[in-house]
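Here is the structure we will look at.
The values are calculated or read from the model by the stated rules, or taken from the named source; none is laboratory data. Computed from a predicted structure; not experimentally measured. As a convention, Cβ positions derive from the backbone with ideal geometry for all residues, glycine included, and neighbour counts pool all protein chains shown.
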Amino acid sequence: MEEDNSLQTFLAILTGIIIMVIMAVFIIAIVIVHRQRQIRNRHKIQIIKADFRNTILNAEKEIREQTLLYVSQELHDNIGQLLSLAKLVLNNPDPAAVFEGKKLINQIIKEVRSLSRSINKDYINEVKFEDFLQEELAKVQKSGFCEVSFEKEGLPVSFVEGDKKLVLIRMVQECLNNAIKHASPSLISIKLRNLGNKLFLCIEDNGEGFDMPTVSQGLGLRNMHSRIEAIGGNLEIDSVVGQGTRIKIELEHEE
Amino acid sequence: MQGKAHLFIFFIVLYAFSFELYAYFLVEQGYKNVLIYNLFFVFGETLLILFYIKFLVETEKTKRIILYFIILFSLWAVINSIYFQSPDILFQHYTHLLGSLGVVVFSCTLMYRIFMVDRADEIPLLGIPHFWNIAAILLFYSGSFIYFGSLNITWALDSYYLTILASLNRVFAASLYLLLGFSYYSPLIFLQKSGGR
């Protein structure tokens, strides 16, 4: 009888201990799995942050390169020409030519000021996004490449996150460059719509267009997608051969 | 919400301290304390723990299931008291079995859902007081489930074995209340170590 009791007690204690050990293992397993997941997530976040920093650095570098290219073109094609013209005019002994020469020099001063503004490091940070778009379009038109149009709807755009503006500016430049280099359009238009914290941008040209399945695999377009994703936006490209290209950008931003 | 949970746990600790003290006082006076344990431990404390788990659960469906279980448990406690185990004569281990089974199952569910699925991952698990509370509840109730479940078998044992089992149970109960009491210091230890919040 006593043996039976001892066995029952032993079994009761053993079952209790086994269940408690199972529960303890369950708790420890949860802690370990959670910790591993935490480490994995931290690693992922670090990679995303590094990608984002890389995107911003690249955008900055490319904007700088674009600006330098623009400055060199302006110095060569515009200011250089104006200076040569001023020299020719001022070589003329006619008193009216002096007046004409002064006018030319004033124009050169204006051009140089405008150029120096675009080289300024803080220019991108300070310029309003709408003004930037109009200036970029004005540059295209001034070069005589094609006609341009700009439409704006909704509230004025003011970016709290400077990085988003930087990337967006670089994307606009890239879209315009692509249109100029590859599409030969007669019209480039930009439509901007700001609904408070959501921004819609549409860059459209009526140029040659391209074959979507072939070109969409290219590095350039993939880069554009990864850039817009890095700032939490969405990019949609639609192109038809012979009809032109439409690039839609959708971005949430803080006002 | 955090403050409310803190107060609730503090209330549970105070509540357990009060009825244990009263039960001890009754024994010292030579009275039976089984009614006190049936009312305040088997029924009252299990209900409090179930409400605490319900409070922590985030999905409406699980909240509803816990509420149904609480109703079922209360009904079963009444039926058991009337027909099977009189609360002033016997320890109601039938009621306790159902209650602790519910606590163990819901604690496991909560552990899995709150800490593995729903929660954000920035905070270390050991820095969350509720984690310690639920872990302590789970360990205590899984042990006491067996202890009280096998009570009708062990009742016939000699006092030596019963004392061993009862002592083990007391150690687990003391660990539970200690953990409930100290769990709110865990953020101070584990969050500071990992850089704080």
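Output the residues belonging to region A:182-221 that are β-branched (Val, Ile, Thr) and either under 28 Å from A:His253 (Cβ atoms) or out of contact with any helix residue (DSSP H, G or I) (no Cβ under 9 Å at 6 or more places or on another chain) (or both).
If we filter region A:182-221 for residues that are β-branched (Val, Ile, Thr), which is where we start, we get A:188, A:190, A:203, A:214-215.
Within region A:182-221, A:Ile188, A:Ile190, A:Ile203, A:Thr214 meet the criteria.
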Inset, instruction - Return the total of residues in region A:191-223 being within 22 Å of A:Phe150 (Cα to Cα) and modelled with pLDDT under 85. - result: 2
Inset, instruction - Tell me, yes or no, whether region B:27-38 has at least one residue that is part of a helix (DSSP H, G or I), among the β-branched types (Val, Ile, Thr) and surrounded by 15 or more Cβ atoms within 10 Å (Cβ to Cβ). - result: yes
Inset, instruction - Say whether the condition of being at pLDDT 90 or above, surrounded by fewer than 18 Cβ atoms within 10 Å (Cβ to Cβ), charged (D, E, K, R) and out of contact with any helix residue (DSSP H, G or I) (no Cβ under 7 Å at 6 or more places or on another chain) is met by at least one residue in region B:119-136. - result: no
Legend entry - Search result, residues across region A:166-190 that are surrounded by 19 or more Cβ atoms within 10 Å (Cβ to Cβ) and either assigned to a strand (DSSP E or B) or free of Cβ contacts under 8 Å to residues at least 12 places away in the same chain (or both): A:Ile188, A:Ile190
Inset, instruction - Collect the residues in region A:234-255 that are free of Cβ contacts under 8 Å to residues at least 60 places away in the same chain and either over 18 Å from A:Lys164 (Cα atoms) or out of contact with any helix residue (DSSP H, G or I) (no Cβ under 8 Å at 6 or more places or on another chain) (or both), keeping them in residue-number order. - result: A:Glu236, A:Ile237, A:Asp238, A:Ser239, A:Val240, A:Val241, A:Gly242, A:Gln243, A:Arg246, A:Lys248, A:Glu250, A:Glu252
Legend entry - Unmet criterion (only one of (1) free of Cβ contacts under 8 Å to residues at least 12 places away in the same chain; (2) on the phi > 0 side of the Ramachandran plot) for A:Glu229: (2)
Inset, instruction - Kindly provide the set of residues from region A:138-165 that are part of a helix (DSSP H, G or I) and either exposed (fewer than 12 other Cβ atoms within 10 Å of the Cβ) or over 17 Å from the mean Cα position of the chain (by Cα) (or both), ordered by number. - result: A:Ala138, A:Lys139, A:Val140, A:Gln141, A:Lys142, A:Gly162
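Considering only region A:30-47, I want to know if a residue exists there that is farther than 30 Å from B:Arg170 by Cα, more than 14 Å from chain B (Cβ to nearest Cβ) and part of a helix (DSSP H, G or I). Let's see the steps before the verdict.
Initial filter on region A:30-47 (farther than 30 Å from B:Arg170 by Cα): A:33-47.
Within this subset, residues satisfying the condition of being more than 14 Å from chain B (Cβ to nearest Cβ) are A:47.
Subset that is part of a helix (DSSP H, G or I): A:47.
Within region A:30-47 (the criterion being farther than 30 Å from B:Arg170 by Cα, more than 14 Å from chain B (Cβ to nearest Cβ) and part of a helix (DSSP H, G or I)), the answer is yes, since at least one residue qualifies.
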Inset, instruction - Among the residues of region A:200-255, write down those that are exposed (fewer than 15 other Cβ atoms within 10 Å of the Cβ) and of a type in the set (Ser, Thr, Tyr). - result: A:Thr214, A:Ser216, A:Ser226
Legend entry - Verdict on B:Ile164 being among the hydrophobic types (A, V, I, L, M, F, W, C) and at pLDDT below 75: yes
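For region A:122-134, give me the residue count where each residue is assigned to a helix (DSSP H, G or I), in contact with a helix residue (DSSP H, G or I) (Cβ under 8 Å, 6 or more places away or on another chain) and surrounded by 12 or more Cβ atoms within 10 Å (Cβ to Cβ). Break it down stepwise before answering.
The first filter runs over region A:122-134 and keeps only residues assigned to a helix (DSSP H, G or I), leaving A:123-126, A:129-134.
Filter again for in contact with a helix residue (DSSP H, G or I) (Cβ under 8 Å, 6 or more places away or on another chain), leaving A:123-125, A:129, A:132-133.
Still in the running and surrounded by 12 or more Cβ atoms within 10 Å (Cβ to Cβ): A:123-124, A:129, A:132-133.
So the count comes out to 5.
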Legend entry - Single condition A:Asn106 does not satisfy, out of (1) surrounded by fewer than 18 Cβ atoms within 10 Å (Cβ to Cβ); (2) within 28 Å of A:Gly232 (Cβ to Cβ); (3) not β-branched (Val, Ile, Thr): (2)
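Can you tell me which of B:Phe73, B:Phe51 is surrounded by fewer than 17 Cβ atoms within 10 Å (Cβ to Cβ) and at pLDDT 90 or above? Steps first, answer last, please.
On the way: B:Phe73 fails: surrounded by fewer than 17 Cβ atoms within 10 Å (Cβ to Cβ).
The conditions single out B:Phe51.
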